[in-house]
1. Defining a contact as two alpha carbons under 8 Å apart and six or more residues distant in sequence, what relative contact order in percent does the chain show?
2. Quick one: compute a quarter of the convex hull surface over the Cα atoms of the range 266-324 and quote it in nm².
3. Can you run the Rg to Rh ratio on the range 343-473? Use alpha carbon positions and the Kirkwood inverse-distance Rh.
4. Provide the packing ranking of 27-35, 97-105, 442-450, 64-72, i.e. peptides ordered by the mean count of other C-beta atoms within 10 Å per residue, highest first.
5. Using +1 at the Cβ of each Lys and Arg and -1 at the Cβ of each Asp and Glu in the range 326-407, identify which of 359, 340, 394 lies farthest towards the dipole's positive end.
6. With +1 on each Lys and Arg Cβ and -1 on each Asp and Glu Cβ, and nothing else charged, work out how big the dipole of the range 235-380 is about its Cα centre, in Debye to the nearest 20.
7. Loop only per DSSP, at most 14 neighbouring Cβ atoms within 10 Å: give me the GluC sites (Glu not before Pro) in the range 301-379, ordered by residue number.
8. Go ahead and estimate [θ] at 222 nm for the chain from helices alone: -39,500 (n - 2.57) per DSSP H run with n ≥ 4, summed, over the residue count, rounded to 500.
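Quick note: the coordinates plus some simple rules give every number you see, no bench work behind them. Predicted model only: the values in this text are computed from it and were never measured. Note that each Cβ is placed from the backbone with ideal geometry, even for glycine, and that neighbours are counted across all protein chains shown.
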Amino acid sequence: MTRPWWHDTVIYHIYPRSFYDANGDGYGDLPGIIEKLPYLRDLGIGAIWMGPVFSSPQVDNGYDVSDYRRIDPLFGTNADMDRLIESADRHGIRVLLDLVFNHSSDRHPWFEASRSRPAGKYGDYYIWRDAAPDGSEPNEWRSVFGGSAWDWSEDRHQFYLHLFAREQPDLNWENPAVRAELRDIANYWLDRGVAGFRMDVINFISKSADDYIDGPRFLEFIAEFRAGLRNGGEVLLVGETPGINAERAAAYTDPDAGALDMVLLFDHLRLDHGPGGRWDPVPWRHEDLRRNMEYEQRLLKRAWPSIYLSNHDQPRIVSRYGNEQEYRYESATALATVFYLQRGTPILYQGDEIAMRNIPIEEATQIVDIESGNAYRELVQEKGLSPEEALRRVRRIARDNGRTPMQWSGADNAGFTPRGATASPWYPVNPDYPEWNVAAQDESGTVRWYIRELLALRRDDVTLRHGEFELVHEPEDSPVVAYRRRRVNGTVLVVANLSDGVVGFPFTNGSILLSNYSDSPVESTSLLRPWECRVLAENLHRVGGIHTMTVEKT
Ligand code: ISL
């Protein structure tokens, strides 16, 4: 059976403005990504997904695009993108772009024309509605970033829809001309050599009356979009789909639907949501994580899951689900192990390979992200929380946490800007960089070293890539997350104690392929130390230490 290439690879998610600044202006850029390709290759990465780098007023850090065919000068030029694609190819790395097609910037010429000439060609490119008889918004829909989802245009004397910021008007996918434009843009980049796309909030494109996302025409729109792509069958389409469950994900990624190849689900990032939702964090429960893993893996059996721990919209995972103080190495590696060895394609967010953690946010002025800033104001102004309490809630979850510059070394600005650069990074580097950086993690016992081992193990082991997933059931209050990956002639057991305590686990015979404790016994034993994880080969004829397991070729 020939498998699509992404079943056997690991994707690295780059947040361009914070990855590496080659020209010293304080913003990461495309030449910076080119410089770091050898680093990514060494880590074991087969593809990169870059956040949006297209022309943009940067109201939402590039998720507001004003020209989909041009690279924003902040990041470089179109020629830099060509060089990046070519250079990545030489390193065996595919390039995925982030298409923000649910909405554009309000400065996109389409929107400007739509607003000023309702009867013209672009009049119907966005979602315009008359005011209600009393002059108010057409309905109650709320923006994800707070407030009404409708904004009044004095020019057109109508409201337009924006499910995100008012500077991000929603495109009207019901209009076939819009769909044709978007398809042409995708083909423009495919012709330049990209391998696929991450599609931003793609389940929002078809509006429904009740929930206003995940509307009835979603699958039709995406299948049509794919059918219009050059080499459509080989292009990887990863849909970002906030708010859907695995059941719907299975429909969206069903191999027969000809729609998406994978989706990005969010339930594993809701384990710490309290009664007040995202901005009301509570401790997470292991049982919820186990159930969610089992549920998603079961529902996506026919399809193919993506596996990720964090992204640019989330706080850092080691601060969130791990222990960033006493067990930073152990918890970062245990979480990576238990997530990335599931069935699916791992998508590793930049900085997680060195266990980057949240920043100390002492004051509200440190929050620059539009969503987190709005949330803070809403908690104070509308929910009546004290500024201290609002900050306490927002600080742990703020998107800013995941967006600080990559920590390359102990040099000034964490080596994010080149030596001698006078501009400071667009966002201050995390003060822990002198100790926690790429250069410092070049030996056994460091997170980066371990992640490289982990990815190599997955790459070399067909059971870990293609084997079936089977959760090991644990008592409800157990902090252990364990599962088996199974194929005809082999089983691999993945076990992690995701807590600060010591817990028992009933191992059977097996031999250790990987562990985050250097002295994990080769013979099985029943105790797991704080955040200890082990990967064991079971039922194999000949097994040894790390990477000596018999590997079956596909
Ligand atoms: O619900 C969230 C996190 O749990 C949101 O942050 C959600 O993921 C996000 O609003 C949707 O994300 C994408 O589209 C946005 C953009 O701001 C994000 O950066 C992007 O990833 C609008 O384009």
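1. The normalised contact order for the chain reaches 12 percent.
2. Mean shadow area of the hull around the Cα atoms is 4.5 nm².
3. The Rg/Rh ratio comes out at 1.09.
4. Answer by packing, highest mean first, reads 97-105, 27-35, 64-72, 442-450.
5. Farthest towards the positive pole: 340.
6. 400 debye
7. The qualifying sites are 326, 362, 363.
8. -7500 deg cm²/dmol
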